[in-house]
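Asker: The structure under discussion is supplied below as structure tokens; questions concerning it will follow.
The values are calculated or read from the model by the stated rules, or taken from the named source; none is laboratory data. Just so you know, these numbers come straight off a predicted model, no measurement behind them. With ideal geometry, Cβ positions are generated from the backbone for all residues, glycine too; neighbour counts draw on all protein chains shown.
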Amino acid sequence: MILAYLPYAIAAWIFLWGLYGIVTSKNLVHQVVCLAILQTSTYVLLLAIGYKVGGTAPVFADIPVGTVVVDPLVQALMLTDIVVEATVMALLLSMVVKANELAGTVDPEELRFLMG
Amino acid sequence: MSARVRTIFFLCSAAGLVAIFIWGFLDLPPLGDYRGPYGNAVVQIAVYERHATDVVNAINYDYRAFDTLGEEFIFFASVLGVLLLFRPTGTDDKGDKHKTKLEDALPISDALRVSMQAMVGTMIVFGVYMVTHGQLTPGGGFQGGVILASAPLVVYLSGDVKTFEAIIASPLIKLAECGGAAGYAAIGTAALLFGTHFLTNIIPLGTTGDLFSSGAIAVISAVVGLEITGGFVLLMKTYLREIVEERLGESE
């Protein structure tokens, strides 16, 4: 019974830690990493939803069509997301570098002004 | 907004979030009790309809190819954003003088040098295998592209900075990045010329299990591989340049 809902709890756990990090962070680099952690919770959640009892990978190269497989839709969603997330993180981190160059700080508390 | 107001604002939103969380969790099926109709339908028909044995990629590059096109352009825009933010500004651009000094910023052991050089060939072969066999076995353009893009980094780590610089300076990298993105869109648009919908799989499907099968899935996987490779190498180049300039700036 507990096992049946454990993956969802883990997803929520990861999500909340990520959120906690984002909210309390005093460093933009740390904040970007927390965002990445928060996002990984979606992977756990999606994989858990797509799982079928006894299901194997949805690749029919060496198994006959009709074998019980897990949901390929959620896997397709995640696969693209992992790569895209890496680049989005790169973009965010480059913004942090620029913020540090312009303002001399990476503490979001101190970044209180706008510059053109 | 003062810190106090923000804390209150956060606590209110957090309470809302918790409520939605609990509400959502109550309706989730227990693990293994899969309830989505689409997943079941697509694993039944994908192999017959698209001649692709890897259903995940059949979905990615065919059934929901339009979504993947969107994600592809998120990737493209992100890389473009990094390049734009780190563009040489002119004022602190010391350009060529620093280029030759990439080597100085890299202390390296013999063990790393030898093992890394041995890895490069394997990585490239494996990356190309991943990109081209996406329609048959787990893999595809996204995964293979990342592996291929790591190869130049391994060259750099092995201390062969000259080769690394030749790779990252090559116009082929930008061509791969842009050509990959354009290629995806072009394959989609080509379907319009045949009088069907955008991104319809119009390329002959071939025999299931062959390398050249599944029509557009294999082709799109390849162009995505190109784009991801180009994009990640560009990111690497930009970040390395930034780091090296920083270090040299400190030592001066």
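Asker: Considering only the stretch A:39-62, I want to know if a residue exists there that is more than 19 Å from A:P7 (Cβ to Cβ), facing chain B (nearest Cβ under 9 Å) and surrounded by fewer than 18 Cβ atoms within 10 Å (Cβ to Cβ).
Answerer: Filtering the stretch A:39-62 for residues more than 19 Å from A:P7 (Cβ to Cβ) gives A:59-62.
Next cut, facing chain B (nearest Cβ under 9 Å) only: A:59-62.
With the extra rule that they be surrounded by fewer than 18 Cβ atoms within 10 Å (Cβ to Cβ), the set shrinks to A:61-62.
Within the stretch A:39-62 (the criterion being more than 19 Å from A:P7 (Cβ to Cβ), facing chain B (nearest Cβ under 9 Å) and surrounded by fewer than 18 Cβ atoms within 10 Å (Cβ to Cβ)), the answer is yes, since at least one residue qualifies.
Asker: Another one. Looking at the stretch A:70-85 only, could you name the residues that are in contact with a Phe, Trp or Tyr (Cβ under 8 Å, 6 or more places away or on another chain) and either small (G, A, S) or within 25 Å of B:L28 (Cα to Cα) (or both)?
Answerer: Listed by number, the residues that qualify are A:V70, A:D71, A:L73, A:M78, A:L79, A:T80, A:D81, A:I82.
Asker: Select, from B:V79, B:V56, B:V43, the only residue that is buried (at least 17 other Cβ atoms within 10 Å of the Cβ) and modelled with pLDDT under 90.
Answerer: Details: B:V79 fails: modelled with pLDDT under 90; B:V56 fails: modelled with pLDDT under 90.
Matching residue, one of B:V79, B:V56, B:V43: B:V43.
Asker: Do we find that B:G231 is away from every other protein chain (no Cβ under 14 Å) and either buried (at least 18 other Cβ atoms within 10 Å of the Cβ) or small (G, A, S) (or both) in this structure?
Answerer: Numbers: away from every other protein chain (no Cβ under 14 Å): no; either buried (at least 18 other Cβ atoms within 10 Å of the Cβ) or small (G, A, S) (or both): yes.
No, not satisfied.
Asker: Is at least one residue of the stretch A:72-83 within 24 Å of the chain's Cα centre (by Cα), free of Cβ contacts under 8 Å to residues at least 60 places away in the same chain, under 30 Å from B:V244 (Cα atoms) and buried (at least 20 other Cβ atoms within 10 Å of the Cβ)?
Answerer: Within the stretch A:72-83 (the criterion being within 24 Å of the chain's Cα centre (by Cα), free of Cβ contacts under 8 Å to residues at least 60 places away in the same chain, under 30 Å from B:V244 (Cα atoms) and buried (at least 20 other Cβ atoms within 10 Å of the Cβ)), the answer is yes, since at least one residue qualifies.
Asker: Could you check how many residues of the stretch B:26-40 are more than 7 Å from chain A (Cβ to nearest Cβ) and either over 12 Å from A:Y8 (Cβ atoms) or touching an Asp or Glu at 6+ places or on another chain (Cβ under 7 Å) (or both)?
Answerer: Applying the first criterion (more than 7 Å from chain A (Cβ to nearest Cβ)) to the stretch B:26-40 yields B:26-27, B:29, B:33, B:35, B:37, B:40.
Cutting the leftovers down to either over 12 Å from A:Y8 (Cβ atoms) or touching an Asp or Glu at 6+ places or on another chain (Cβ under 7 Å) (or both) gives us B:33, B:35, B:37, B:40.
The number of residues fulfilling the criteria is 4.
Asker: Ok, one more. When you scan the stretch B:145-165, do you find a residue that is among the acidic types (D, E) and modelled with pLDDT of 90 or more, even just one?
Answerer: Our first condition is that a residue be among the acidic types (D, E); within the stretch B:145-165, this holds for B:160, B:165.
Imposing the further condition that a residue be modelled with pLDDT of 90 or more reduces the set to none.
No, every residue in the stretch B:145-165 fails to be among the acidic types (D, E) and modelled with pLDDT of 90 or more.
Asker: Any residue that is away from chain A (no Cβ under 14 Å) and within 14 Å of B:F75 (Cβ to Cβ) - is there at least one of those in the stretch B:242-250?
Answerer: no
Asker: Right, next: Being of a type in the set (S, T, Y), closer than 30 Å to A:I63 by Cα and without any contact (Cβ under 8 Å) to a residue 24 or more places away in the chain is true for just one of B:T200, B:T208, B:T196, B:T189. Which residue is that? Walk me through how you get there before you give the answer.
Answerer: Working: B:T208 fails: without any contact (Cβ under 8 Å) to a residue 24 or more places away in the chain; B:T196 fails: closer than 30 Å to A:I63 by Cα; B:T189 fails: closer than 30 Å to A:I63 by Cα.
When all the criteria are applied, what remains is B:T200.
Asker: With respect to B:F142, determine if the residue is within 21 Å of B:L83 (Cβ to Cβ), at pLDDT 90 or above and among the hydrophobic types (A, V, I, L, M, F, W, C).
Answerer: On the way: within 21 Å of B:L83 (Cβ to Cβ): yes; at pLDDT 90 or above: yes; among the hydrophobic types (A, V, I, L, M, F, W, C): yes.
Against the criterion (within 21 Å of B:L83 (Cβ to Cβ), at pLDDT 90 or above and among the hydrophobic types (A, V, I, L, M, F, W, C)), B:F142 qualifies.
Conditions (1) free of Cβ contacts under 8 Å to residues at least 12 places away in the same chain; (2) within 24 Å of the chain's Cα centre (by Cα); (3) part of a helix (DSSP H, G or I), marked per residue:
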residue: B:A15; (1), (2), (3): yes, no, yes
residue: B:V43; (1), (2), (3): no, no, yes
residue: B:V47; (1), (2), (3): no, no, yes
residue: B:V56; (1), (2), (3): no, yes, yes
residue: B:F66; (1), (2), (3): no, yes, yes
residue: B:E72; (1), (2), (3): no, yes, yes
residue: B:G81; (1), (2), (3): yes, yes, yes
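Asker: Any residue in the stretch B:28-40 that is within 21 Å of B:V56 (Cβ to Cβ) sitting within a Cβ distance under 7 Å of a residue that is among the β-branched types (V, I, T)? List the pairs, counting only those 6 or more apart or interchain.
Answerer: B:G32/A:V53
Asker: Considering the stretch B:146-186 alone, what residues qualify as being part of a helix (DSSP H, G or I) and among the hydroxyl-bearing types (S, T, Y)?
Answerer: First, pick out the residues of the stretch B:146-186 that are part of a helix (DSSP H, G or I): B:146-157, B:161-169, B:171-186.
Of everything in the stretch B:146-186, those that are part of a helix (DSSP H, G or I) and among the hydroxyl-bearing types (S, T, Y) turn out to be B:S150, B:Y156, B:T163, B:Y184.
Asker: Let me ask another. Which condition from (1) surrounded by 14 or more Cβ atoms within 10 Å (Cβ to Cβ); (2) within 26 Å of B:G121 (Cα to Cα); (3) at pLDDT 85 or above is the one that B:A169 breaks?
Answerer: The one condition B:A169 does not meet is (1).
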